[in-house]
Amino acid sequence: MAAFVKLCTISGTISRHVTVMRKFSGTASRWADQPMVGFIGVGNMGGHMARNLLKKGYPLMVYDVSQQHMDTLKKDGAVLASSPAEVADHVTRIVTMLPESAHVQEVYTGKNGLFSKVKKQTLFIDSSTIDPAVSQAMAEEATEHGAMYVDAPVSGGVNAARDAVLTFMVGGTDKAFTDAKLLLDWMGKNIVHCGPVGTGQAAKICNNMLLGISMIGTSEAMNLGIKLGLDSKMLAKIFSMGSGRCWSSEVYNPVPGVIEGIPSSNDYKGGFGTALMTKDLKLAQNAAIATQSSTPMGSLAHQIYRMMTNQGFGEKDFSSAYQFIKAKL
Ligand code: NAD
């Protein structure tokens, strides 16, 4: 029995406080008495984050446009919903983990969106990386419905999501942050309150501009070293011991075989898609224009990831910058 949910009347009235006996992944069995949580967007990141909540004994109601992703979560014990509205109708704490601003707008404000069935006191936690202005608009509408909203984008990648060691950058009121942290603590290691709604996104955009630049720099340096006859593992080790050290060189090295268990050693599958990195760098460029900030490296990195996306790297992990540089520049 993969999962036994003691309530199982999904039609109409799921108790918001349910008792669950869950046998997760065949390894751990636990009783929990937790309020059911909603989770929308269970892709590369959201799938792991949702599973971590299940592991901690939270009954979960899940929605994703991908039936395949929903089926995977069902096997792990989640209850499936047929729309965001159904999720909002049944639970009062909802996490969203979606690709871009447009998906967030659709899920929250669309015809069968969350706001169409929102209950007062609902807490929305949006962990997608999106335009801070969209986060602020969603928060305003949530407030009109008597609900709370925080933007809580993450840093750390798919392995950090799997291991529940993500860094969350949270924007919202003190009360919303305190409530959100109770859930975020099960999915992350560092939960930082950045300020009002939108500031989590601002911090995330700056972080990813730096990450996008450093990944290209690491790719260039690794490629040059390999062409000079250096062993790739040895070169990565030197970076880690030297001043060239960064996350892209040490934890997420773009050269296949240098580190096992990351996308570069798995044909750049999974991970953080180049198209998503391009989106984040566009958000950074928009922010730079709005604040008249100089970001020459961020601007160039945006160009390079756009070229990669146009040349078929969009679905591959962004560390495929190494392949692109090796072959094309
Ligand atoms: P993903 O594409 O793997 O997952 C997104 C999920 O949302 C998919 O399962 C998709 O089917 C679903 N979805 C899309 N539109 C939907 C809709 N209208 N309703 C319901 N579900 C919908 O993306 P990801 O890599 O998990 O990234 C999610 C967010 O996290 C992005 O904003 C990304 O920038 C950010 N992020 C990703 C990483 C990473 O390493 N992958 C790291 C940090 C932050």
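Residues whose amide H falls under 5 Å from that of residue 40, counting only those 5 or more places apart or on a different chain, are 63, 95, 96, 97, with hydrogens built in the peptide plane.
For segment 296-302, backbone phi angles converted through the Karplus equation (6.51, -1.76, 1.60; θ = phi - 60°) give residue-by-residue couplings of x, 6, x, 5, 5, 4, 4 Hz, Gly and Pro being listed as x. On the protein heavy atoms, probe 1.4 angstrom, tell me the percent of accessible surface of segment 203-328 carried by carbon and sulfur. Whole-percent figure for carbon plus sulfur exposure: 58.
Per residue, the accessible area of segment 33-196 comes to 39 Å², computed with a 1.4 Å probe over protein heavy atoms only. Seen from all directions on average, the chain presents a Cα convex hull projection of 17.4 nm². Accessible surface of residue 55, taken over heavy atoms with a 1.4 Å probe and every protein chain present, rounds to 80 Å².
When you restrict to C-alpha pairs under 8 Å that are six or more residues apart and normalise by the size of the chain, the relative contact order lands at 11 percent.
Between the helical axis of 132-144 and the longest alpha-carbon principal axis of the chain there is an angle of about 10 degrees. Between the amide H of residue 188 and those of 166, distances stay under 5 Å, these residues lying 5 or more places away or on another chain, with hydrogens modeled in the peptide plane.
Scanning residues 5 or more positions from residue 122 or on other chains, those with amide H under 5 Å from its amide H are 148, with H placed 1.01 Å from N in the peptide plane. Plainly put, segment 90-175 has a radius of gyration that is 0.97 times its Kirkwood radius, both from alpha-carbon atoms, as the Rg/Rh ratio. Per-residue ellipticity at 222 nm computed for the chain from its helices equals -13500 deg cm²/dmol, with DSSP H segments shorter than 4 residues left out and the rest contributing -39,500 (n - 2.57). Which aspartates and glutamates have a Cα less than 14 Å from the Cα of residue 55, not counting those fewer than 8 places away in the same chain? Within the straight-line limit of under 14 Å, residue 55 reaches these aspartates and glutamates: 33, 76, 163, 185.
Residue-wise HN-Hα couplings along segment 83-100, as the Karplus relation 6.51 cos²θ - 1.76 cosθ + 1.60 with θ = phi - 60° gives them from phi, are 6, x, 4, 5, 5, 4, 6, 10, 10, 10, 9, 9, 9, 10, 9, 10, x, 9 Hz; Gly and Pro carry x. Each residue of segment 303-318 was assigned a 3J(HN,Hα) from its phi angle through the Karplus expression (A = 6.51, B = -1.76, C = 1.60, θ = phi - 60°), giving 4, 5, 5, 5, 4, 4, 4, 5, 9, x, 8, x, 8, 7, 4, 5 Hz with x at Gly and Pro. Both radii are taken from the alpha-carbon atoms of segment 33-196; with Rh as the Kirkwood radius, Rg/Rh is 0.92.
The values are calculated or read from the model by the stated rules, or taken from the named source; none is laboratory data. Note that the structure is predicted; figures quoted are calculated from it, not measured. Heavy atoms of the whole protein, side chains included, go into the accessibility calculation; ligands, DNA and RNA do not. Shrake-Rupley method; radii C 1.70, N 1.55, O 1.52, S 1.80 Å.
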